[in-house]
Amino acid sequence: MSGAALWQPVWLTVQLALATVVVLLILGTPLAWWLARTRSRWREVVGTLVAMPLVLPPTVLGFYLLILLGPSGPGGWVAEWFGARSLAFTFTGLVIGSTIYSLPFVVQPLRTAFEAIGDPLLEAAATLRASPWNRFFTVAVPLARPGFLTAMVLGFAHTVGEFGIILMIGGNIPGETRVLSVAIFDFVETLHWREAHLLSAGMMVFAFLVILAVSVIGRRAGRVGL
Amino acid sequence: MSGARIAGALTGRRGDFPLDLQFDLPGEGITAIFGPSGSGKTSLLRAIAGLDRLDGWLKIGASDWQDGARIWRKPHQRPVGYVFQDARLFPHLSVADNLRFGAERARKGDTRSGPDPDRLIALLGLSGLMARGVQNLSGGERQRVAIGRALLSRPRILLLDEPLSALDGAAKDEIMSYLEDLVPALDIPILYVSHDLAEVARLAQTMAVMKAGRILQSGPVDRLFAELDLEDAAGRFDAGVRLRARVTGQDRAYHLTRLDLGGQQVTVPALDRPDGSEVLLHIRARDVSLALARPEGLSIRNVLEGHITAIDGAAGSPFAEVTLAVGGSALRSRVTREAVDALGLSVGKPVHALVKSISFERGRD
């Protein structure tokens, strides 16, 4: 077994997790802000939808995504513009799937951080002529910094750990969709115990560091009274 | 903004109680918004700043800030300086950056020159704090930064929402002195929310009295203190009068200042004012007792002669409020109704007023 076979899934996983975190920050930040600030009666409904990936079996999500991303779903129509047949079994498909799967892990810490800021400081900024956008970027975002850090770490880590969805919508294409968790499964199936051990031990260390990082961030944030 | 007014008619609800705010206040000097907690003082300020939206209209000088559904200036489009009860400094910024936050966003294209930042910072005693974070400032320091931040945003109107209520006596006094030094330099109207009559007496020229979501009356402090039944808004025990007196001399040995009050002498703890200058006194009704003859062997030194002009005592209350004429001024005394009967007090009767405590404010003339 060559080193490339070992490192390719790791590198692909890092790429997938980074891409997913970027997409999630772009989509999740306004969503979390809305959930934290709105008085709309739709708030709980939307909040519930965001939380659903926490409870659903990944295979259920994967199944629906497969239909949506496949040749006869909307994903297929989009793919046609780029001359492809389907978004399933592509890296783009994995990013879409991971975004939905990890959504609650990014939105929840951001929502909590935004809620903790509350009205008083934003009102003070408004009386000092800060427009709504300006208030968001100069008051809310800096104060929610620990929330952003937690959201990025959790979003990254949770994406790294996903398996079920990927197997459903990504399959096992080396360099395209064969991420770490799938590779470990594959190594075990083909009785490559050494490689399975290496990758699994690496994941153990990674998981430990992630949880440690999140609690350190949480404690720091608590200390400055946020 | 001289001559211009702060006027409006705003109605709505705040939580459980209705608001009906009709006002026409002067566009200069300090106007105290006075009333008990829950009377709608803060709601008035928030509506002026645009933080809460009520129905009606609001005009500051020549500009319409709200007119029904037709005109609505958003809070960040209103040149107000708002100092909140709880300072609301930005915890992620240093003192200097908090001050800069206000200054940077001052109205673009505003040709009026704002306060000189260096002078303001020195005046508020903030020079030594600039690099500090705001987390470890004392209550008084926080409020000074908040006042500086609001003023550096070059407001056309300054809204102070009980800026001293969270502070202890010494810090309170310190900030009041800062405000007194600042105000003459500012050419903008100030609305000052307070439920403390001594603060009102010391700082304001005009006052608006609020109760249960309405503005009962507004006008010069001197007139309202004498005329209005402030006890109603202030709660029984803070009713009082404001009187003008003239400094006649200093008693260096006892650290006292002698004042002439309508031809009679009173003494107060040493006041650093030249002879002949006018001071304003605030005497609370509960600090005034009555005697039929000039008493002897008494530690109270300020005894004034006058006669009774009115006695108000509701049957349900143990207290009566006695109004006296003392050398052309009115003085109020709170005594029990039982005392009124026992002493045979009645309108026209000459009495001696024993004044236990006098608070004083800067003279304005």
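Quick notes on this structure:
- Averaged over residues, the count of other Cβ atoms within 10 Å places the peptides A:16-24, A:113-121 in the sequence A:16-24, A:113-121, highest first.
- Backbone amide hydrogens, once placed in the peptide plane, bring B:Ile157 within less than 5 Å of B:Gly81, excluding anything fewer than 5 places away on its chain.
- In the B-A interface, the accessible area buried, summed over both sides, Å² (probe 1.4 Å): 1800
- Most mobile of A:Leu25, A:Leu212, A:Leu103 in a GNM of chain A (Cα contacts under 10 Å): A:Leu212
- Whole-Hz couplings from phi, Karplus 6.51/-1.76/1.60, listed for the stretch B:159-170; x for Gly and Pro: 10, 10, 9, 6, x, 9, 5, 8, 9, 7, x, 5
- Legend: mean number of C-beta atoms from other chains within 10 angstrom of residue C-beta atoms, peptide A:117-125, equals 5.
- In a reduced charge model with +1 at each Lys and Arg Cβ and -1 at each Asp and Glu Cβ, the protein assembly as shown shows a dipole moment near 640 debye about its Cα centre.
- Nonlocal amide H pairs with B:Thr257, under 5 Å, H built at 1.01 Å: B:Asp251, B:Val268, B:Ala270, B:Leu271
- Placing one equal scatterer on every Cα of the stretch A:1-129 and applying the Debye formula, the log10 ratio I(q)/I(0) at q = 0.10, 0.23 Å⁻¹ is -0.46, -1.31.
- The residue among A:Ser72, A:Ala157, B:Leu167 whose Cα reaches farthest toward the positive pole of the charge dipole of the protein assembly as shown, with charges on the beta-carbon of Lys, Arg, Asp and Glu, is A:Ser72.
- Relative contact order, percent, chain B [alpha-carbon distance under 8 Å, six or more residues apart]: 16
- Axis of helix B:139-152 versus longest Cα principal axis of chain B: the two differ by about 60°, to the nearest ten degrees.
- Phi-based couplings in Hz for the stretch B:38-46 (Karplus 6.51, -1.76, 1.60; Gly and Pro marked x): x, 8, x, 4, 5, 4, 4, 5, 5
- Computed on protein heavy atoms with a 1.4 Å probe, the accessible areas place B:Val80, A:Val205 in the order A:Val205, B:Val80, largest first.
- Accessible-area order (highest first, 1.4 angstrom probe) of the listed residues B:His352, A:His192: A:His192, B:His352
- Unit charges on C-beta of K, R, D, E only; dipole of the stretch B:131-222, Debye: 420
- Restricting the calculation to alpha carbons of the stretch A:160-225 gives Rg and Dmax of 16.1, 52 angstrom.
- Placed amide H near B:Thr336: partners under 5 Å, 5+ positions off or other chain: B:Ala320
- Positive end of the dipole of the stretch B:250-364 (Cβ unit charges, origin at the Cα centre): among B:Ala315, B:Tyr254, B:Leu345, the Cα lying farthest that way belongs to B:Tyr254.
- Overall form of the stretch B:93-203 per C-alpha gyration tensor (a/c, 1.5; a/b vs b/c): oblate
- Subtracting the Cα-Cα distance of A:Val14 and A:Arg145 from 0.36 nm times their residue separation leaves 44.9 nm of extension gain.
- Cβ-derived FRET efficiency at R0 51 Å, B:Asp187 paired with A:Arg219, nearest 0.05: 0.55
- Rounded to two decimals, the Cα-based Rg/Rh of the stretch A:86-174, with Kirkwood Rh, is 1.19.
- Each label point was placed 7 Å from the Cα along the Cα-to-Cβ direction; for A:Val45 and B:Asp260 their separation is 8.0 nm.
- The eigenvalues of the Cα gyration tensor, multiplied by 5 and square-rooted, give chain B an equivalent ellipsoid with semi-axes of 40, 26, 17 Å from largest to smallest.
- In the complete set of protein chains, residue-level accessible area for B:Arg5 is approximately 100 Å², probe 1.4 angstrom.
- Between helix B:95-104 and chain B: long-axis angle, C-alpha atoms, 0 to 90°, nearest 10: 70
- Here the Debye sum runs over all C-alpha atoms of the protein assembly as shown as equal scatterers in vacuum, and log10 of I(q)/I(0) at q = 0.06, 0.07, 0.10 Å⁻¹ comes out as -0.50, -0.62, -0.94.
- Estimated vicinal HN-Hα couplings, Hz - the stretch B:297-312 in sequence order (Karplus 6.51, -1.76, 1.60; Gly, Pro = x): x, 10, 7, 6, 9, 8, 10, 10, 9, x, 9, 6, 10, 7, 10, 10
- Cα Rg over Rh - the stretch A:3-223, Kirkwood: 1.03
- Between A:Gly47, A:Ala144, A:Thr59, the Cα set farthest toward the positive side of the dipole of the stretch A:3-223 (charges on each charged residue's Cβ, about the Cα centre) is that of A:Ala144.
- Long hydrophobic helices in chain A, taken as whole DSSP H segments with a C-alpha length of 24 Å or more on their own axis and mean Kyte-Doolittle hydropathy at least 0.5: A:3-37, A:91-127, A:193-223.
- Computed over chain A, relative contact order equals 29 percent, with contacts defined as Cα pairs under 8 Å that lie 6+ residues apart.
- Check: the stretch A:32-175 dipole with +1 on Lys, Arg Cβ and -1 on Asp, Glu Cβ, in debye: 320
- Here each label is just a point 7 Å from Cα along the line to Cβ, and for A:Leu198 and A:Ala5 those points are 1.0 nm apart.
- Residue-normalised accessible area of the stretch A:3-223, given per residue in Å² at a 1.4 Å probe: 52
- A probe of 1.4 angstrom, applied to the heavy atoms of all protein chains, finds A:Arg220 with accessible area near 150 square angstrom.
- Rounded to the nearest 500, the helix-only mean residue ellipticity at 222 nm of chain B stands at -6000 deg cm²/dmol, with each DSSP H run of n ≥ 4 adding -39,500 (n - 2.57).
- Its relative contact order, with pairs defined as Cα atoms under 8 Å and 6+ residues apart, puts the stretch B:58-197 at 32 percent.
- Summarising the strand pairing of the stretch B:81-208, around 10 percent of its internal DSSP beta bridges are antiparallel.
The values are calculated or read from the model by the stated rules, or taken from the named source; none is laboratory data. It should be emphasised that the depicted structure is a prediction, and the values quoted were computed from it without experimental measurement. Don't worry about glycine lacking a Cβ; one is built from the backbone with ideal geometry, like all the others, and counts go over all protein chains shown. Please note that ligands, DNA and RNA were not included when accessible areas were found on the heavy atoms of the full protein model with its side chains. Shrake-Rupley method; radii C 1.70, N 1.55, O 1.52, S 1.80 Å.
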